[in-house]
Amino acid sequence: MTERRKKAIIRRRIFIALLAVLLAVLIALIAVIVAVIKNGSNTNNNNSSDISFVSSEQNLSEPDDSSSQEDTPSEPEVFVTPTGVELDADFGRLLLINGENALPDDYDTKVREYLVEIDPQYRNNNYVTQIHKDVYPYITAMVAAAQADGVDLRVWSPFRSYAIQNDLFQKQVNRVGGDEEKAATVVARPGTSEHNTGLCADFNMASDTFESTPMYTWMCENAENYGFILRYPKDKQHITGVIYESWHWRFVGINNAKLINELGLTLEEFIEMKNFDPAMDMYGDDSASNTAEQIID
Ligand SMILES: [Zn+2]
């Protein structure tokens with residue numbers, strides 16, 4: 001073999017080897033590309049099947065959950081009492097009446113058409129016998145439930161006219177030697193008493209002895225379920241302006257009462273917390289019915 005032929009054979013072998021390498025690289029490349037495409041389409045499939053299905057499920061279920069939570073308040077929340085009475089838990093009466101927030105002068109006459117007689121089975125006083133019709137189903141259901149529990153709860157003093165309130169106030173003024181300021185911490189002036197609204201009641205004997213009765217214990221445990229709060233608690237006179245009255249309970253609504261008790265607030269503090277100013281916002285939150293006009297409208 002000549003030197004030239006040997007070189008030619010070597011060159012051809014190198015060429016074939018190079019071609020083989022190139023082919024191998026090409027095949028490898030194609031394999032990689034195919035693998036990548038396959039993989040990609042697989043994960044896409046995964047996404048569109050499993051993951052997107054899950055997420056679409058979540059998308060369906062999540063807004064459903066939240067919307068049903070949002071919907072709940074708009075549907076009346078019903079509390080069924082042990083005696084079978086259905087009460088709307090959302091209904092509220094947050095009208096604030098105290099020494100600084102008096103009722104309008106014409107409230108006393110306008111409220112009359114909204115008053116209803118409390119059936120004698122629920123009360124132990126024939127002198128004052130009426131309550132605001134909005135409160136009637138709640139107070140009667142509460143007294144009936146207490147009586148079903150063997151507790152002799154009775155309404156003593158519900159609605160009082162300005163005239164009756166004035167008599168009580170003047171008697172108290174005389175009792176404390178003419179000091180009207182001092183008298184007002186025990187008996188409110190006409191138009192500044194919750195009793196003038198028809199939204200509250202004193203129970204049984206309207207005296208300090210009420211605190212040590214089973215009726216008071218029952219009220220502390222159950223009154224909020226009927227929308228009533230202890231309006232003038234111990235150690236809150238600096239806020240309410242009224243001495244501790246274990247017998248005086250005010251209707252605010254079931255959900256309001258539960259929240260007020262949970263937060264440990266007076267009505268003054270609760271309304272302030274809601275950033276409601278009765279003087280500034282006479283026709284504010286109608287769901288709460290905060291104004292005197294709304295109570296007799
Ligand atoms: Zn009272």
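The values are calculated or read from the model by the stated rules, or taken from the named source; none is laboratory data. In this text, all values refer to a predicted model and were calculated from it rather than measured experimentally. Every residue, glycine as well, gets a Cβ built from its backbone with ideal geometry; the counts of neighbours run over all protein chains shown. When the accessible area is computed, the model is the full protein with side chains, heavy atoms only, and any ligands, DNA or RNA have been set aside. Shrake-Rupley method; radii C 1.70, N 1.55, O 1.52, S 1.80 Å.
Laid out as a table, the results:
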read-out: Stretch gain in nm, segment E293-L29, where the contour uses 0.36 nm per residue and the Cα spacing is subtracted; value: 86.6 nm
read-out: In range of the label at D149: residues from region 203-235 whose backbone nitrogen is under 18 Å from the point 7 Å along Cα→Cβ; value: 203-205, 210-231
read-out: Label-point gap, in nm, between M205 and V21 - each point 7 angstrom along Cα→Cβ; value: 11.3
read-out: Centroid-to-centroid separation of region 236-258 and region 72-148 [C-alpha atoms, Å]; value: 15
read-out: Rel. contact order, % - alpha carbon contacts under 8 angstrom, at least six apart, region 78-295; value: 26
read-out: Accessible surface of region 181-282, 1.4 Å probe, proportion on carbon and sulfur as whole %; value: 52
read-out: DSSP-assigned coil residues among trypsin sites (Lys or Arg not before Pro) in region 201-237, each with at most 13 further Cβ atoms within 10 Å; value: K234
read-out: Nonlocal Lys pairs with alpha-carbon distance under 22 Å, region 78-295 (8 or more apart, or different chains); value: 9
read-out: Inter-label distance, nm, simple model (7 Å from Cα along the C-beta direction), E113/K133; value: 1.0
read-out: Cα Rg over Rh - region 78-295, Kirkwood; value: 0.93
